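The structure appears below as structure tokens.
Read-outs throughout are calculated quantities, based only on the coordinates presented, and are distinct from any laboratory measurement. What you see is a predicted model; the values in this text were computed from it and never measured. We place every Cβ from the backbone using ideal geometry, glycine too, and count neighbours over all the protein chains shown.
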Amino acid sequence: MKKIKLFDYQEDMKSRIEKALGLHRSVMVQMPTGTGKTILLASVVESFLREHSNCNVWIVAHRRELVSQIKDILNKFLLNFIFSNHPVPPSKEASKPSPDCLSAGASNVPVKAMSIQWLAKHYDEIKEGPGMIVIDEAHHALAKTYKEMWERFPNAKFLGLTATPCRLNGKGFTDLFDVLVQAWGIPEFICKGRLATYDFVSIKSDGVTQWLIDSLQKRGADGDYQNKEMDMLLNKKPSIERLYQSFEEYGKNRKGIVYAINISHAKRIMELYQEHGIKVVAIDSKTPALERQADIEAFRKGDIQVLVNVDIFSEGFDCPDVEFVQLARPTLSLAKYLQMVGRGLRVAKGKKNCVIIDNVGLYRVFGLPSQVWNWKATFEGKLKYGRKKETPKEREFFLMNGTQETVPVDQDSEMMMVMSHEELMKSLMYREFVDCNDDFAIVKLPDGKMTVVNRKGELVIEPGNYYDMKFLQGNILSYRPRRKTVCYYDLLARVVIDEDIHGKDAPKVITINGWEFVEYNDLFRSRTYEFFALPYRPSQYELLNRGYCLIYEFQGSTDSGCQVWIYHENDGGYMQKYSENSEVVCFLRGDHTHVYWLCADFCGSGIVVMDSHGDYFFVDSSLKKTYIGCTHPQKESENLAVAMPRLGKHVYNMDKQRRKKQEEQELLLMHEKSEAGNVELYQAGKKWGLKMDGRVVVPPLYHNISQPVGAYCAFEQMPRHWGIMTLKGKVIVDAKYEKAEVLANGKAVVTTITGKTQTVNLR
């Protein structure tokens, strides 16, 4: 038996766990993936058995694979295990193997590991109850399945271990566990060198893959995406080729794991990777045990570079030298997301970092793995991550927070770098978690000072020896620098609202037409560092919300010094100067620093604004700012009389290119949906139309419609008048031909009434 050696944080966790078990019947323990939960478990079990020599300890898992893995770990530290059914007499143990239940070979140390499925069928055979039941991967503990253990064994202690104390439905765990014991967060483990740093790359928000994922409508029994619909849309050659392209770009020379949707998807990924000379195997629940064991061993040794799997290695799998994790399976479950990426965050000799290749946009649902998670709130059922359904643009605003200019993007790639390991380390520092909301966390630094950090780990307020610090509604911070003084701070604007307060009402955050203001002391303040306030509550009709910007027109004259220009799209982007003085105030989404004046409006393609320094910027709908000119130009190119006409032509050409690209993406999306069988013909009366994903996209207007081929189909307007349209109903070829046939290569053959044929390029 190998002696159990614990790190300092594990010793601390053990002490806290034992203290909690002394005060409570059932305790849940949270530790990030890769930080040694199972070794800690072995130590806790060992100590419990020393103090309770007459008690059994049961270790229960939700899958037989985990039972086997637990056996391997405990075999090193506690005792030798053999396969046996529980409770079978020792003489029969060797003759009745069962991977669902592993009992102790040494009778003086009664430890048994079993699956919950096995246990549920054998309760009546159990003669001696346990003194403690340990539940591995306890986030799977559903009240209906697990509650019976609490009822059958009222005198037993319960200990649940998990990296992610959260459920997809948002319900907590207080129905099973009395208290939560938390370890450090992922940032602290990375800073201490107990978890690896990572590069995080993800698909772009305007790419085809994100479009496909956003179109997923159906949900499975567990509340996650429906497997069948994911398979129909993503288990196609173009999608799998995009997976390989991103692997080629970021993981080619690394050893790693790919998470697939299902067995078919895993095999197709494996086959494509093999075609490119990659040593890869696909493993799933149906893979024979001996074959699976051999493949895993080959992967550990480095003889196999890539493991493609379906949920097999999301939990309990220990291979520290995994250098990349590729996410090819969308999910709405935070637990699944962190369990998958966690496989790559273990530290290993010679391993510098891990690359997380997010091919399904999970970053836009959950954020980075190293953010601060409010596990206490999810444990209590008060918080559900990933609940908000957002458009890709809204997600980009929320997560990038107006800093897209700093993100390196390859225009020819579907992927973008979200966070490099160098940037990650710069953003992290050792801290003690105090409290958090969705966007910020209150932390205590090693010197005892308190501060607030955002989701990227950046300081939001100067550290100080504060007596108290707490979150108010709407990201307003209340803190006390002195005992009898209260200060209010806007965490978004990073500005003090008021200080040295005695007995005044706290600021309130109100929303008007989708935009937040702070109501305080009879003023309605914008959430910007630059002060802007109104002595009255503006109506929703005074505020024009464009999504990426908010426009407010003053009642009365102002002296802004901002020029006003008019854009004429129909004249090829002609710009006309209108006024020397703008009366329209503008705020940008995610920009909590500046108050702007509106200079020009480009009809949804962007705006031109002037900041408080007299500098003009073009801002597109993705919040990218481009310098145009200034109030006092030093060179001709900065003069608005020169810059604005040039900008007008540029925006006009940019819009043409954007519309062309959008059409191409829509065609590609329609092609993949057609290939997936999501497009169907339907008839109403004597007319025909098209449905996509069960919704009408082309009304029943046509005499006849042929079966779609890719993104196109032939239609008959009236007898013997055929044309060709996209699956959205856009006519590509007028209905004037005797016949029309769409080919698979993006071309079509049409036949005139005289019998003459010609080939038409549809793209």
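Computed values, structure above
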| read-out | value |
| --- | --- |
| In degrees, nearest ten, helix 143-152 long axis to first principal axis of the chain (Cα) | 20 degrees |
| In range of the label at D231: residues from region 647-685 whose backbone nitrogen is under 15 Å from the point 7 Å along Cα→Cβ | 676-678 |
| Contour excess over end-to-end distance, with Cα ends at R658 and T626 and 0.36 nm allotted per residue | 9.8 nm |
| Proxy reagent accessibility, fewest Cβ within 10 Å first, across S215, S43 | S215, S43 |
| Around N359: net Lys/Arg minus Asp/Glu count, Cβ-Cβ under 13 Å | -1 |
| Likely footprinting exposure, F324, F366, F587, fewest C-beta neighbours within 10 Å first | F366, F587, F324 |
| Rounded tilt (10° steps) of 64-77 against the dominant C-alpha axis of the chain | 50 degrees |
| Phi to ³J(HN,Hα) by Karplus 6.51 cos²θ - 1.76 cosθ + 1.60 over region 169-184, Hz, x for Gly, Pro | 7, x, 6, x, 10, 5, 6, 10, 10, 7, 8, 10, 10, 9, 8, 4 |
| Residues L544 and N761, FRET efficiency given R0 of 41 Å [Cβ-Cβ distance, rounded to 0.05] | 0.45 |
| Distance in nm between pseudo-label sites at T145 and D12 (7 Å out along the Cβ direction from Cα) | 3.3 nm |
| Structure-derived log10 I(q)/I(0) by the Debye sum over Cα atoms at q = 0.05, 0.09 Å⁻¹: which label, when the choices are (1) -0.34, -1.01; (2) -0.26, -0.85; (3) -0.32, -0.85 | (1) |
| Positive minus negative residues near T511 (Lys, Arg vs Asp, Glu; Cβ under 14 Å) | +3 |
| Contour minus Cα-Cα distance for T752 and E128 (0.36 nm per residue) | 215.9 nm |
| Cα→Cβ-extended label distance, 7 Å offset, between R480 and K635, nm | 5.7 nm |
| Local electrostatic count, F715, Cβ distance below 13 Å [Lys/Arg +1, Asp/Glu -1] | +3 |
| Exposure proxy ranking, count of Cβ atoms within 10 Å, fewest first, for Y250, Y578 | Y578, Y250 |
| Integer Hz, Karplus 6.51/-1.76/1.60 couplings in order for region 650-667, x for Gly and Pro | 4, 5, 4, 5, 5, 5, 4, 5, 5, 5, 5, 4, 4, 4, 5, 5, 5, 5 |
| Listed peptides 164-170, 691-697 by packing density, highest first (mean Cβ within 10 Å) | 164-170, 691-697 |
| Relative contact order (percent, whole number), the chain, Cα cutoff 8 Å, 6+ residue spacing | 8 percent |
